[in-house]
Every structure is written in structure tokens, then in C-alpha cells.
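Asker: Shown below is the structure under consideration.
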């Protein structure tokens, strides 16, 4: 049976730009001023890889301690900026449909608890749903570990998994995992960028994907 593995931020929940603002402020507090659009292009990476990449881009290397401190500050700012989370159109109905039809699915995110907890609650994700976060794997996106761990927990074959994500990092990680991928436009990447990164299909949002499950061979 086919299975769906979902990214979280920008795929199921409208949080991408809050992450951008939180990262921008956390970096600025550490003397790392950077334009918002440059941050957006890296949302979806693991926090550690993100901070190192940003620091390299602006020519100010960070120690592991500095990177960890900035990541922690980002998490606090994110929860402050967005205490309530808004599911993207159709996300709740799509997940409910998958549960009711017993279609295997899970969530694999570069985020961590407790930042993701409010998002999972807003989506109505019940206990027992497979949710893999950054703390469950050694390496996060664009490495494939999150998706492979989710696939293992769901209990399906790699070849039967579709990864659904909004960022090129999701699609790159899916390719490395040997899985087909589906792009979602709600995170801010363009259709052409997602196709170029390897997306099998691209949809506007979860509602559009829900209407088109037959294109993926899923009822």
C-alpha cells in the first residue's frame, strides 16, 4: 500500500515566515545581520546546518556553542511570535481522510519538541501517529534520515512512499532516500523550483493534494 510522509512547516501548517522572522532576530541578536529572503531559502534545513550555512555566507564562523545558543533562541522567539498555529487549507481534512481510509502516513520534520507541539495540536494529530522530529535522527534534511526513520516506523517499503514537502531540501532528502516526492507551493518555493528539485507532482496546498490523491495511486 502507498504511504505519505509529510513535512510539517509550510506543508501542513502555515509557519514558514514566522520561522524566517525568528531566525532573523536570533541571528541579529548575535551580530549576524542577514536579509530575510536569504533565510527563507534555507528554511527546512536542520537548525545546525542552517546556522553554519548562514554564518559562512556572511563570513563570520560560529562555534558549536554559539550555533546551539542561536538555535535555542530561535525556538523561543518562534513560540513567542506564533503561539497559535494555523493549518494550511485542507490539511486537517486530508489527515482525517488518511486515518479514516487506513492509508499509512506519518510526519517527518526538522523541527523539535516543544516547537512543533502546538502545530500537531492545531492539526488534530492523534496519539499513535508516527511523528519523527530532529531529535530522533543523527542528521536532518537535506539528509534522508528523517524520511527513512518515518518509513521504518510506518512499516512500508521505501518504494511505496511519497514524501510531501514545500522546500527543495525536502525533495533532495526524498531523492537521497529513494522515495518519490510531491511539492507543495504553500511554503514559498515556486513550481519550477520544486519540479527541478525532483517533485513528481506539485500542488498549491493540502486541499489541492487531497483532491488529487488519485494521481498518486491513492484513494
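The values are calculated or read from the model by the stated rules, or taken from the named source; none is laboratory data. What you are looking at is a predicted structure, and each value in this text was computed from that prediction instead of being measured. Virtual Cβ from ideal backbone geometry, glycine too; neighbours counted across all protein chains shown.
Asker: Here are 144, 206: which of them is touching a strand residue (DSSP E or B) at 6+ places or on another chain (Cβ under 8 Å) and surrounded by 20 or more Cβ atoms within 10 Å (Cβ to Cβ)?
Answerer: Matching residue, one of 144, 206: 206.
Asker: Based on what the data block shows, is residue 215 closer than 24 Å to residue 97 by Cα, modelled with pLDDT under 95 and either in a helix (DSSP H, G or I) or in contact with a strand residue (DSSP E or B) (Cβ under 6 Å, 6 or more places away or on another chain) (or both)?
Answerer: yes
Asker: Now, a different point. Taking the range 100-113 on its own, how many of its residues are within 18 Å of residue 151 (Cα to Cα) and not in a strand (DSSP E or B)?
Answerer: 6
Asker: Ok, one more. Within the bounds of the range 69-83, is there any residue that is surrounded by 13 or more Cβ atoms within 10 Å (Cβ to Cβ), assigned to a helix (DSSP H, G or I) and in contact (Cβ under 8 Å) with a residue 60 or more places away in the chain?
Answerer: The answer is yes; a qualifying residue exists.
Asker: Also, quick follow-up: Within the set of pairs 6 or more residues apart or between chains, which connect a residue that is free of Cβ contacts under 8 Å to residues at least 40 places away in the same chain and in the same structural domain as residue 186 (by TED's automatic domain parsing) inside the range 85-96 to a residue that is surrounded by 17 or more Cβ atoms within 10 Å (Cβ to Cβ) and not in a loop (DSSP other than H, G, I, E, B) with Cβ atoms less than 8 Å apart?
Answerer: The qualifying pairs are 92/123.
Asker: In addition: Taking residue 56 as the residue in question, decide whether it is modelled with pLDDT of 85 or more and more than 21 Å from residue 146 (Cβ to Cβ).
Answerer: Criteria not met by residue 56.
Asker: Does residue 125 meet the test of being within 22 Å of residue 97 (Cα to Cα) and within 13 Å of the chain's Cα centre (by Cα)?
Answerer: no
Asker: Still on this model: Given the structure, is residue 120 crowded, with 19+ Cβ neighbours inside 10 Å, over 16 Å from the mean Cα position of the chain (by Cα) and within 20 Å of residue 8 (Cα to Cα)?
Answerer: no
Here's the yes/no breakdown for (1) surrounded by fewer than 19 Cβ atoms within 10 Å (Cβ to Cβ); (2) under 25 Å from residue 142 (Cβ atoms):
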position	(1), (2)
38	yes, yes
41	yes, yes
45	no, yes
53	yes, yes
56	yes, yes
59	yes, yes
66	yes, yes
93	yes, no
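Asker: Right, another one. So, in the range 98-117, exactly how many residues are over 14 Å from residue 9 (Cβ atoms) and in contact (Cβ under 8 Å) with a residue 60 or more places away in the chain?
Answerer: Total meeting the criteria: 6.
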